[in-house]
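Read-outs throughout are calculated quantities, based only on the coordinates presented, and are distinct from any laboratory measurement. Everything numeric here is computed off the predicted structure, so don't read it as measured data. In this analysis, Cβ positions are derived from the backbone assuming ideal geometry, glycine residues included, and neighbour counts consider all displayed protein chains.
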Amino acid sequence: MAKAAKSQFVCQNCGGVTNRWSGKCAACGEWNTIVEEAADVAQPGSGLSRTTKGRVVALESLSADTVEAPRLKTGIAELDRVTGGGIVPGSATLIGGDPGIGKSTLLLQLAAALANAGHRAIYVSGEEAAAQVRLRADRLGLVSAPVALAAETNLANILATLSDGRRADMVVIDSIQTLWSDALEAAPGTVSQVRAATQSLIRFAKGSGAALLLVGHVTKDGQIAGPKVVEHMVDTVLYFEGDRGHPFRILRAVKNRFGATDEIGVFEMGSEGLREVANPSELFLGDRNETSPGTAVFAGIEGTRPILVEIQALVAPSSLGTPRRAVVGWDGNRLSMLLAVLEARAGVSFAQHDVYLNVAGGLKIADTAADLAAAAALLSSLSGIALGHNRVWFGEIALSGTVRPVSQMQARLKEAQKLGFKGAVLAAGGELDTAALKLTLERPAHVKALAETLPACD
């Protein structure tokens, strides 16, 4: 009698494996994510064997000469900035983002730009038919680009197609969760299928020298779906962020083996696709109300790029026993800490008020230098006095109430001066080259001084 295939239970959120089904994953705590899958069967000769003898690998020193990785210029300046100067041939890049955010649009524009430059670009769609991709290309005005298009989900067929004919310079897979291999008894999108498809495609990319771009679905928490090992396997992980209510889109690098992380590229979604934004500060500040209380302009740094963005605060009397605290685009725990510091160190209480904080334009910031701008916006909304339109704010607020200096202060101030601002409020500490600046600088040392002088700001 044939032996029954061995099965295992795999969490589709974190990739954890158990020998029995349960409603809640013990590893990540998610409910209803465990699915029964057939255990991977090792191919003959692919696993470790006691009779296999390894070969000696040559060891090298750290002082050996190295060659800078070549770059494939995409023709899209913002994408080149995020990837560190262009896509490296033979590398694997994973792009994640919410549905409808513009991932397929960006990659189709990228494939068309490379194809028009004489490179061979292949676009494999697993979610849409070829006719649907052509309709998008027609809307974007890209139908004349010599992009090789295929609609296929079978992994073996895709690899055979990629190996046939002239070597591809770039391969787009949209998306990795739709691929399946008949060697595995699991549905497409499961951990086993996603891991196997990613391994096979990366092996092809490394061997052929083609740049591989994979589209990944995201979960409700904003993380790329599937096993976390996929993000470790690829060379670059990019997240496409933005709010559907705003035309702005942020492409952020969270992992990059060939460049800096936390670099961002800014795009604007229009009827003809994604348009690059060379000066995002002007875009984020374009329609702000300069006379309204509760708004402060924050001079931030995203990667190596200084960006000015408006932070909006609304403080309103609350009829609830526990006032509401709502944050969009910033860390909610950071807001709670800031409110506690203002009450304990500056004597300003928000205990009877609802507090709403928003970063304009759909941008998400994690820079602690936004503390001072957020505090200024909160105090302005509470007092009903506008801060004026000619100042920028940045500085970290400690639990003691001290305003601490932050990194790259000179770059932040130069960006503010370039956009026509006349003054800046920043920490008292830190060295600056004031000779090159024409800004009026205010440098409070403590948040209490900020609370006392804020009503006088104009």
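Calculate, in nm to one decimal, what Glu127 and Ser292 gain on full extension: separation in residues at 0.36 nm each, minus their alpha carbon distance.
Values: separation 165, 0.36 × 165 = 59.40 nm, distance 4.60 nm.
Between Glu127 and Ser292, full extension yields 54.8 nm more.
Ala398 to Val17: FRET efficiency via 1/(1 + (r/R0)^6), r the Cβ-Cβ distance, R0 45 Å, to the nearest 0.05? Intermediate values should be presented prior to the final figure.
Values: r = 44 Å, r/R0 = 0.98.
The pair Ala398/Val17 has a calculated efficiency of 0.55.
In whole angstrom, how far apart do the alpha carbon centroids of the stretch 288-325 and the stretch 387-440 sit?
Each part reduced to its Cα centre gives a spacing of 17 Å.
Lys220: which aspartates and glutamates have alpha carbons under 14 Å from its alpha carbon, excluding same-chain residues fewer than 8 sequence positions away?
Once the sequence-local aspartates and glutamates are set aside, what remains near Lys220 is Glu30, Asp98, Glu241.
Which whole-Hz ³J(HN,Hα) couplings does the stretch 268-279 yield from phi under the Karplus relation 6.51 cos²θ - 1.76 cosθ + 1.60, θ = phi - 60°, glycine and proline marked x?
Couplings: 10, 7, x, 5, 9, x, 8, 10, 5, 10, 6, 10 Hz.
Ranking Tyr123, Tyr356 by Cβ neighbours within 10 Å, fewest first, what do you get? It would help to have the intermediate numbers written out before the result.
Values: Tyr123 25, Tyr356 17.
Fewest-to-most Cβ neighbours within 10 Å comes out as Tyr356, Tyr123.
Going by C-beta contacts inside 10 Å, put Asp174, Asp65, Asp182 in order with the fewest on the left. List each step's numbers first, then the result.
Numbers: Asp174 22, Asp65 4, Asp182 8.
Starting with the residue having the fewest Cβ neighbours, the order is Asp65, Asp182, Asp174.
Just in the stretch 404-458: which GluC sites (Glu not before Pro) are loop by DSSP and have at most 12 other Cβ atoms within 10 Å?
Working: sites: Glu415, Glu431, Glu442, Glu452; in loops: Glu431.
Answer by residue number: Glu431.
Sorting His217, His389 on the 10 Å Cβ count, fewest up front, what's the list? Provide the component values of the computation, followed by the final result.
Numbers: His217 19, His389 16.
By the 10 Å Cβ count, ascending: His389, His217.
Any chance you could count the Lys pairs in the stretch 283-456 whose alpha carbons are under 17 Å apart, treating pairs 8 or more apart or on different chains as valid? Could the numbers behind the result be given before it?
Details: Lys414/Lys422; Lys414/Lys438; Lys418/Lys438; Lys422/Lys438.
Qualifying lysine pairs in the stretch 283-456: 4.
In nm, give the distance between the simple-model label positions of Ala449 and Ala58, each being 7 Å from the Cα along the Cα-to-Cβ direction.
6.3
How far is helix 103-116 tilted, in degrees, relative to the longest principal axis of the Cα atoms in the chain, given as a value from 0 to 90 rounded to the nearest 10?
Orientation of helix 103-116: about 70 degrees from the principal axis.
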